[in-house]
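Participant: Handing you this structure, nothing more for now.
The values are calculated or read from the model by the stated rules, or taken from the named source; none is laboratory data. Please read these numbers as outputs of a predicted model, since none were measured by experiment. Every residue, glycine as well, gets a Cβ built from its backbone with ideal geometry; the counts of neighbours run over all protein chains shown.
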Amino acid sequence: MGIKMSVALSLLVATNMVFANSLIDEAKKAGLKPIPKDKEELNKLIDNPKNKLTPEKIELGKKLYFEPRLSKSALISCNTCHNLATGGDDNVPVATGHKWRQNPHHLNSPTVFNAVFNEKQFWDGRSPDLEDQATGPIQADVEMAMHKDMAVKVVESIPEYKEAFNKVFPNEKITIETIGKAIGAFERTLVTPSRYDDFLNGDENALTKEEQEGLKTFISVGCASCHSGVGLGGGMQPFPAVKPYKYANIGDFKGDKNGMVKTPTLRNIAETAPYFHNGAVWDLKEAIKIMGETQLGKELSDKEVASIETFLKALTGKKPKVEYPILPNSTKDTPKPDLD
């Protein structure tokens, strides 16, 4: 290799490193934060002081997450709508539950992956944390349709569950709240670090040049004003903010009493179509264009949209290995399935 070529390559590498380091600083100034690389730091971030994580609690929660007997039909579990094999959601426009009924407001099931980073849970933000949220679908008539007392009866009727609850919650009765605590503990572990996190944690080569340019575009056009923090979303924002949402006629959801809607995480966004609270959009490019118009009041160019899409695809993370649990047998006292 000639001296001139060697010098040119060295200058190019140096220039790219300067750009990457500058972009990392720019991203952090815009409010973007990585999933911590250090396990202790991550555990502090995902833990709940009111529901401390333990291996036994997480294992119990995993079993209950996959437990269909917590539904009236004994067919539906948390994993039905939040499938850990398919991006943590169900990849259909509207959540579908007991007796094949659809959510009456045409609400889409959000991903459970990285939900621990949300400031609030549910599209209208009515739950403060995963533990509280986990109790909602169990009791919802159009989801799992299980009365809370029957859910407790299921758990109490199975000796293995009773023993596990006694160990995990030694000073508490088995209630819908302790069931939610166990499930919530498991859900707190469902985080998916990606190359984007490696980049923000200092690895300048973790993202390609095109992905870095996409991140820069993402910041410069204003996407990071709502999709920020570790979760790249999860807070409450007005929706629509500037211009009408073109698919607002699908369903009747208007947000909370102040018109605020939970900003969905962008992590694993390439795996979680369809998009928006009503699952109206299947194409990621179209979703980006709509967000530009609706939330930013901007008509993004095709080049900007493609650049942002390239970055968003880099948010697909490494899923935690979840071994499907073998659930304990029912007993003569376990409530029987009710399909009506």
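Participant: Criterion first (in contact (Cβ under 8 Å) with a residue 40 or more places away in the chain, in contact with a helix residue (DSSP H, G or I) (Cβ under 7 Å, 6 or more places away or on another chain) and either assigned by TED's automatic domain parsing to the domain that holds PRO110 or not aliphatic (A, V, I, L, M) (or both)) does LYS262 satisfy it?
Facilitator: no
Participant: Got a sec? Which of LEU200, LEU215, LEU232 is at positive phi, outside the structural domain of ASN114 (by TED's automatic domain parsing) and crowded, with 17+ Cβ neighbours inside 10 Å?
Facilitator: On the way: LEU200 fails: at positive phi; LEU215 fails: at positive phi.
That would be LEU232, the only listed residue that is at positive phi, outside the structural domain of ASN114 (by TED's automatic domain parsing) and crowded, with 17+ Cβ neighbours inside 10 Å.
Participant: Then there is this: Of all residues in the stretch 18-41, which are surrounded by 17 or more Cβ atoms within 10 Å (Cβ to Cβ) and in a helix (DSSP H, G or I)?
Facilitator: ALA20, LEU23, ILE24, ALA27
Participant: Residues of the stretch 288-316 being of a type outside the set (D, E, K, R) and farther than 19 Å from SER194 by Cβ, which ones? Before you say what the answer is, go through the steps one by one.
Facilitator: Initially, the stretch 288-316 is screened for residues of a type outside the set (D, E, K, R), giving 288, 290-292, 294-297, 300-301, 305-308, 310-312, 314-316.
Listed by number, the residues that qualify are ILE290, MET291, GLY292, THR294, GLN295, LEU296, GLY297, LEU300, SER301, VAL305, ALA306.
Participant: While we're on this one: Give the residue that is surrounded by the most Cβ atoms within 10 Å (Cβ to Cβ), with candidates limited to residues of the stretch 305-316 that are assigned to a loop (DSSP other than H, G, I, E, B) and in contact with a Lys or Arg (Cβ under 6 Å, 6 or more places away or on another chain).
Facilitator: Initially, the stretch 305-316 is screened for residues assigned to a loop (DSSP other than H, G, I, E, B), giving 314-316.
If we keep only those that are in contact with a Lys or Arg (Cβ under 6 Å, 6 or more places away or on another chain) too, we end up with 314-315.
Numbers: ALA314: 20, LEU315: 22.
Out of the qualifying residues, it is LEU315.
Participant: Can you tell me which residue among SER225, SER157 is assigned by TED's automatic domain parsing to the domain that holds GLU119, on the phi < 0 side of the Ramachandran plot and of a type in the set (S, T, N, Q)?
Facilitator: Working: SER225 fails: assigned by TED's automatic domain parsing to the domain that holds GLU119.
Only one candidate passes the filter, namely SER157.
Each row is one residue, and each column tells you yes or no for (1) within 29 Å of ASP252 (Cβ to Cβ); (2) in contact (Cβ under 8 Å) with a residue 60 or more places away in the chain.
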{"residue": "HIS277", "(1), (2)": "yes, yes"}
{"residue": "ILE290", "(1), (2)": "yes, no"}
{"residue": "LYS298", "(1), (2)": "yes, yes"}
{"residue": "VAL322", "(1), (2)": "no, yes"}
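For (1) in contact with a Phe, Trp or Tyr (Cβ under 9 Å, 6 or more places away or on another chain); (2) under 30 Å from GLN133 (Cα atoms); (3) modelled with pLDDT of 95 or more; (4) among the β-branched types (Val, Ile, Thr), each residue gets a yes or a no:
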position	(1), (2), (3), (4)
ILE176	no, yes, yes, yes
LEU190	yes, yes, yes, no
ASN201	no, no, yes, no
GLN212	yes, no, yes, no
LEU215	yes, no, yes, no
VAL221	no, no, yes, yes
PRO238	no, yes, yes, no
